[in-house]
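Chemist: Dumping the structure here so I can ask a few things about it.
The values are calculated or read from the model by the stated rules, or taken from the named source; none is laboratory data. Just so it is clear, the model here is predicted, and its values are computed rather than measured. For neighbour counting, all protein chains shown are included, and Cβ atoms are generated from backbone atoms with ideal geometry for every residue, glycine included.
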Amino acid sequence: MIVAIDGPAASGKGTLGKRLAAHLRLAHLDTGLLYRAVAHRLLAAGGTLDDEAVAAEAARNLDIRTLDPEALRGPGMGEGASVIAALPAVRAALVELQRDFANQPGGAVLDGRDIGTVICPDAHVKVFVTASAEERARRRHGEFLGRGESVTYEEVLADIRARDARDTARATAPLRPAEDACLLDTTELDIEAAFRAALAIVEAAG
Ligand code: C5P
């Protein structure tokens, strides 16, 4: 069983992916961490985000066992991730790793932007999670404050809008629902209600 969850920044797909995976006893991969890790490596090495060959090499050298979610989820990292995520060679370098994860015995839940369209077009279940930009910014801002980061709601909203625009407009694997994806708008739903709705979609798919 492969469950593909896609959607824009802070739509709730990560939390849903994690909870669905735990409930269904499947492995879970937050694929945004891969792009964040590539951007983080380049910046930590004093480099820029615009050298496609260097970025692709960093992507090829990624080891998913060493990803540190805490370090990668800070403000600013999402923006850097979306810059290198638009580079076709970076995306190509990460395809096999994601497909291997998806095809492990027992199955998996993957969340990202192109899981249902590019990485796992034959996934058994595809959910496309959305929410208004304002509601997503409100949630993400709350997360940052909870972690002691100093950032304003307006900055978070601007980051989310910029990322939405970049992720949707890029030529390679743009953010969009697969034709056979079920849409789940979480604007008015709390985590529990969103989880129940997502689980109902999975169960309906058999
Ligand atoms: O999901 P998250 O916000 O952590 O993703 C960070 C960035 O990585 C996104 O804005 C997007 O540009 C990129 N990404 C992607 N494809 C994925 C997952 C993330 O392009 N499957």
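Chemist: If only one of Gly80, Gly46, Gly107 is touching a strand residue (DSSP E or B) at 6+ places or on another chain (Cβ under 7 Å) and of a type outside the set (D, E, K, R), which one is it?
Modeler: Answer to the check: Gly107.
Chemist: Further question: Restricting to region 132-191, name every residue that is more than 20 Å from Ala81 (Cα to Cα), polar (S, T, N, Q) and touching a helix residue (DSSP H, G or I) at 6+ places or on another chain (Cβ under 7 Å).
Modeler: Thr186, Thr187
Chemist: For region 9-40, give me the residue count where each residue is more than 10 Å from the ligand (Cβ to nearest atom) and either at positive phi or aromatic (Phe, Trp, Tyr) (or both).
Modeler: Matching residues across region 9-40 total 2.
Chemist: Mind listing whichever residues of region 197-206 are surrounded by 11 or more Cβ atoms within 10 Å (Cβ to Cβ) and modelled with pLDDT of 95 or more? Even if it seems obvious, please write down each step before you answer.
Modeler: So the first thing to find is which residues in region 197-206 are surrounded by 11 or more Cβ atoms within 10 Å (Cβ to Cβ), and the list is 197-202, 205.
Scanning region 197-206 gives Ala197, Ala198, Leu199, Ala200, Ile201, Val202.
Chemist: Hey, which of the strands (runs of 3 or more DSSP E) in region 83-192, taking only ones fully inside, have at least 1 residues that are near the ligand (Cβ under 10 Å from one of its atoms) and under 24 Å from Glu52 (Cβ atoms)?
Modeler: Numbers: elements: 108-112, 125-130, 182-185.
So the answer is 108-112.
Chemist: Something else about it: How many residues are of a type in the set (Val, Ile, Thr), without any contact (Cβ under 8 Å) to a residue 12 or more places away in the chain and either assigned to a helix (DSSP H, G or I) or surrounded by 15 or more Cβ atoms within 10 Å (Cβ to Cβ) (or both) if we restrict to region 40-82? So that I can check it myself, show each step before the final result.
Modeler: Narrowing region 40-82 to residues of a type in the set (Val, Ile, Thr): 48, 54, 64, 66.
The next check asks that each one be without any contact (Cβ under 8 Å) to a residue 12 or more places away in the chain; those that pass are 48, 66.
Still in the list and also either assigned to a helix (DSSP H, G or I) or surrounded by 15 or more Cβ atoms within 10 Å (Cβ to Cβ) (or both): 66.
Of the residues in region 40-82, 1 are of a type in the set (Val, Ile, Thr), without any contact (Cβ under 8 Å) to a residue 12 or more places away in the chain and either assigned to a helix (DSSP H, G or I) or surrounded by 15 or more Cβ atoms within 10 Å (Cβ to Cβ) (or both).
Here's the yes/no breakdown for (1) in contact with a Lys or Arg (Cβ under 8 Å, 6 or more places away or on another chain); (2) within 24 Å of Leu183 (Cα to Cα); (3) modelled with pLDDT under 95:
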residue: Ala22; (1), (2), (3): no, yes, no
residue: Asp51; (1), (2), (3): no, no, no
residue: Val54; (1), (2), (3): no, no, no
residue: Leu67; (1), (2), (3): no, no, yes
residue: Val90; (1), (2), (3): no, no, no
